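To start, the structure under review is shown below, and the notes come after it.
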Protein chains: 2
Amino acid sequence: MKIVLLGSGNVASHLGNILSHSGHSVIEVYNKFDESGNVLAKKLGASFVNNISKVNKNADLYIISVVDDFIEELVANLNIANGIVVHTSGTKKLCVLNKFQNYGVWYPLQTFSKNTELDYSKIPFLLEANNNKNLRLLEDFTKKFSDNIFNINSEKRKLVHVAAVFACNFTNYLFSVSEDILVKNNISFDILKPLIQETVNKAIKNSPKQSQTGPANRKDLSLINEHLKLLEKDKDYQKIYGLLSESIINSKD
Amino acid sequence: MKIVLLGSGNVASHLGNILSHSGHSVIEVYNKFDESGNVLAKKLGASFVNNISKVNKNADLYIISVVDDFIEELVANLNIANGIVVHTSGTKKLCVLNKFQNYGVWYPLQTFSKNTELDYSKIPFLLEANNNKNLRLLEDFTKKFSDNIFNINSEKRKLVHVAAVFACNFTNYLFSVSEDILVKNNISFDILKPLIQETVNKAIKNSPKQSQTGPANRKDLSLINEHLKLLEKDKDYQKIYGLLSESIINSKD
């Protein structure tokens, strides 16, 4: 398969890496801005193009991996011959690609950071396509590097994305709140690491609902109030503590 | 060391287990209510007592591991000879034990659930005592099963406890919110597990502040609004999504 990668941010870079590690050949990288596109193209041994009208017209697969807000404009200006065009967004519908003959969604459900290596075989890929033939094609292609393939339509993919924001982005933010509370008081974040690891082990093994512990879970209102007082100086943290405690208590009714 | 364990809930049971695994001898378990205390005493090969005035007076170490609100009453009624008395609370001050001659705090910073096995050597123990001699004694005793010992005073311990509520109880609740969103839509929670594992790997390895990703981190307001609409039916979840997104955006200013 000859692949063109449109985009060169975090997600695009990791996807490029996955593809080249699994023997696929990215022949071209497109990016409106020179620098990061050029770097990624070199890394992948691909050519680089920064003019959308000059994108190679005869590739087999076009992967659009840019920020959601730029997808429509890119699609409007992309003209190709026969290949299948996919985007990698958790939220954009399949139909934003319906000007093409063959199209689909190829959404990797993972958090990608620069300079972080990943076990690619564990990444879930959420697939969707405009017909069964294209869906099979995307499945066969993806099986070469992932054991974790799900066929999910646009409506459900959006819900998975919201759930992922809670499970990944928001939990990471709570870790960062706890880090901030400790560091401001000259205590190392290391002290919490075994607790964090065990919290996740339990949630993954036994289901999080069954694993809930803590003051709100015991409806220990005097301790909750003491903690709220302690957070007096950090209004944001105090609000978060209050709202999450309330919601945990509500969830037990 | 002859040890008396006062309490027989989750934390007390796990601590009893740790002690008996490391060759210490729990000679007696106290609990006001018969059942769980009796079960734990049998498991540890200890005697059981449900009358505080009959607790063995000649032990070397008394470990009070009951719900915070019951500590003061228990202390008021506990009369012993020479041993050192500790409590295992994250929040109660050292001085709640100052009627005794030798006392301290022995706080295991971990989430304990029934029927969950743990690597005990990784549990951080936060220690405090009324003098250096007793602190050394608690340190030497704890070193036999944990590599993770911290000397931390009552003020700082309380802050560590609040931080732990964010990093453990609240993150687990967010996992449980994401599970609920998925299950209500007939999607398996398994789909999120690789993402959750990677989120934690990154937070532990690179610091959570540096690992933040997601719509709020990119100030992607149109996506945030779309997600808020999607949560219209779950007002609690919608409020949590809004507040955490706002706080993430504030944290970047």
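The values are calculated or read from the model by the stated rules, or taken from the named source; none is laboratory data. Since we're looking at a predicted model, the values are computed, not measured. Every residue, glycine among them, receives a Cβ derived from its backbone with ideal geometry; neighbour counts consider all protein chains shown. What goes into the accessible areas is simple: the full protein's heavy atoms, side chains included, and nothing from ligands, DNA or RNA. Shrake-Rupley method; radii C 1.70, N 1.55, O 1.52, S 1.80 Å.
Can you find a residue that is more than 7 Å from chain A (Cβ to nearest Cβ), more than 15 Å from A:F175 (Cα to Cα) and free of Cβ contacts under 8 Å to residues at least 12 places away in the same chain anywhere in region B:207-217? Within region B:207-217, none of the residues are more than 7 Å from chain A (Cβ to nearest Cβ), more than 15 Å from A:F175 (Cα to Cα) and free of Cβ contacts under 8 Å to residues at least 12 places away in the same chain. Return yes when A:Y107 is under 26 Å from B:N185 (Cα atoms), touching a residue at least 12 places away in the same chain (Cβ under 8 Å), out of contact with any Gly (no Cβ under 8 Å at 6 or more places or on another chain) and not polar (S, T, N, Q) and no when it is not. Taking the combined requirement at face value, the residue does not satisfy it. For the condition within 22 Å of the chain's Cα centre (by Cα) and either among the basic types (K, R) or open to solvent by 20 Å² or more (accessible area, probe 1.4 Å) (or both), A:H14 does not qualify.
Based on what the data block shows, is A:F170 among the hydrophobic types (A, V, I, L, M, F, W, C), at the interface with chain B (Cβ under 7 Å from one of its Cβ atoms) and over 23 Å from B:K122 (Cβ atoms)? Yes; evaluated as a whole, the condition is true for this residue. The set of residues in region A:89-104 being assigned to a helix (DSSP H, G or I) and within 14 Å of chain B (Cβ to nearest Cβ) consists of A:V96 alone. Within region B:77-88, the presence of a residue that is assigned to a loop (DSSP other than H, G, I, E, B), of a type outside the set (V, I, T) and within 17 Å of B:R157 (Cβ to Cβ) is excluded. Against the numbered list (1) assigned to a helix (DSSP H, G or I); (2) more than 8 Å from every other protein chain (Cβ to nearest Cβ), A:V160 comes up short only at (2). Among the residues of region A:17-45, those that are open to solvent by less than 20 Å² (accessible area, probe 1.4 Å) and not in a strand (DSSP E or B) comprise A:I18, A:L19, A:G37, A:L40, A:A41.
Within region A:231-251, is there a residue that is over 26 Å from B:E226 (Cα atoms) and touching a Ser or Thr at 6+ places or on another chain (Cβ under 8 Å)? Scanning region A:231-251, I find no residue that is over 26 Å from B:E226 (Cα atoms) and touching a Ser or Thr at 6+ places or on another chain (Cβ under 8 Å), so the answer is no.
Of all residues in region A:92-110, which are more than 16 Å from the chain's Cα centre (by Cα) and crowded, with 17+ Cβ neighbours inside 10 Å? Those that are more than 16 Å from the chain's Cα centre (by Cα) and crowded, with 17+ Cβ neighbours inside 10 Å: A:L94, A:V96, A:L97, A:F100, A:N102, A:Y103, A:G104.
Can you tell me which residue is surrounded by the fewest Cβ atoms within 10 Å (Cβ to Cβ) among those in region A:111-153 that are within 11 Å of chain B (Cβ to nearest Cβ) and among the aliphatic types (A, V, I, L, M)? Restricting to residues being within 11 Å of chain B (Cβ to nearest Cβ) and among the aliphatic types (A, V, I, L, M), the top hit is A:I149. Screening the candidates A:S245, A:S251 for the property of being under 30 Å from the mean Cα position of the chain (by Cα) and open to solvent by less than 10 Å² (accessible area, probe 1.4 Å) yields one hit, A:S245.
Here are some conditions: (1) surrounded by fewer than 19 Cβ atoms within 10 Å (Cβ to Cβ); (2) in contact with a His (Cβ under 7 Å, 6 or more places away or on another chain). A:V183 meets all but one. Which one does it not meet? Evaluating A:V183 over (1) surrounded by fewer than 19 Cβ atoms within 10 Å (Cβ to Cβ); (2) in contact with a His (Cβ under 7 Å, 6 or more places away or on another chain) leaves (2) as the failure.
Go through region B:27-47 and give me each residue that's among the hydroxyl-bearing types (S, T, Y) and within 18 Å of B:K2 (Cβ to Cβ). Quick ask: steps written out before the conclusion?
Just the residues of region B:27-47 that are among the hydroxyl-bearing types (S, T, Y), to begin with: B:30, B:36, B:47.
Listed by number, the residues that qualify are B:Y30, B:S47.
Every residue in region A:90-108 that is of a type in the set (S, T, Y) and modelled with pLDDT of 95 or more, please. Across region A:90-108, the qualifying residues are A:Y103, A:Y107. Pairs linking a residue in region A:53-74 that is in contact (Cβ under 8 Å) with a residue 40 or more places away in the chain and among the small types (G, A, S) to a residue that is assigned to a helix (DSSP H, G or I) and surrounded by 13 or more Cβ atoms within 10 Å (Cβ to Cβ), with Cβ atoms under 8 Å and 6 or more positions apart or on different chains, are A:S65/A:V11; A:S65/A:A12; A:S65/A:L15. The residue pairs whose first member lies in region A:224-239 and is facing another protein chain (nearest Cβ under 10 Å) and among the aromatic types (F, W, Y), whose second member is in a helix (DSSP H, G or I) and open to solvent by less than 90 Å² (accessible area, probe 1.4 Å), and whose beta carbons are closer than 9 Å, counting only pairs six or more residues apart or on different chains, are A:Y237/A:V177; A:Y237/A:D180; A:Y237/A:I181; A:Y237/B:V162; A:Y237/B:F166; A:Y237/B:S247.
Residue-level check: of (1) surrounded by 24 or more Cβ atoms within 10 Å (Cβ to Cβ); (2) at pLDDT 95 or above; (3) not β-branched (V, I, T), A:A203 misses just (2). Taking the criterion of being under 30 Å from B:L159 (Cα atoms), modelled with pLDDT of 95 or more and not in a loop (DSSP other than H, G, I, E, B), would at least one residue in region A:109-130 satisfy it? No; the residues of region A:109-130 include none that is under 30 Å from B:L159 (Cα atoms), modelled with pLDDT of 95 or more and not in a loop (DSSP other than H, G, I, E, B). The selection criterion, being open to solvent by 30 Å² or more (accessible area, probe 1.4 Å) and closer than 19 Å to B:K92 by Cβ, does not hold for A:K209.
Taking A:D190, is it more than 29 Å from B:K193 (Cβ to Cβ) and either at the interface with chain B (Cβ under 7 Å from one of its Cβ atoms) or surrounded by fewer than 24 Cβ atoms within 10 Å (Cβ to Cβ) (or both)? Considered against the rule, which asks whether it is more than 29 Å from B:K193 (Cβ to Cβ) and either at the interface with chain B (Cβ under 7 Å from one of its Cβ atoms) or surrounded by fewer than 24 Cβ atoms within 10 Å (Cβ to Cβ) (or both), A:D190 comes out as no. Residues of region B:216-229 that are open to solvent by less than 10 Å² (accessible area, probe 1.4 Å) and at pLDDT below 95: B:L223 alone.
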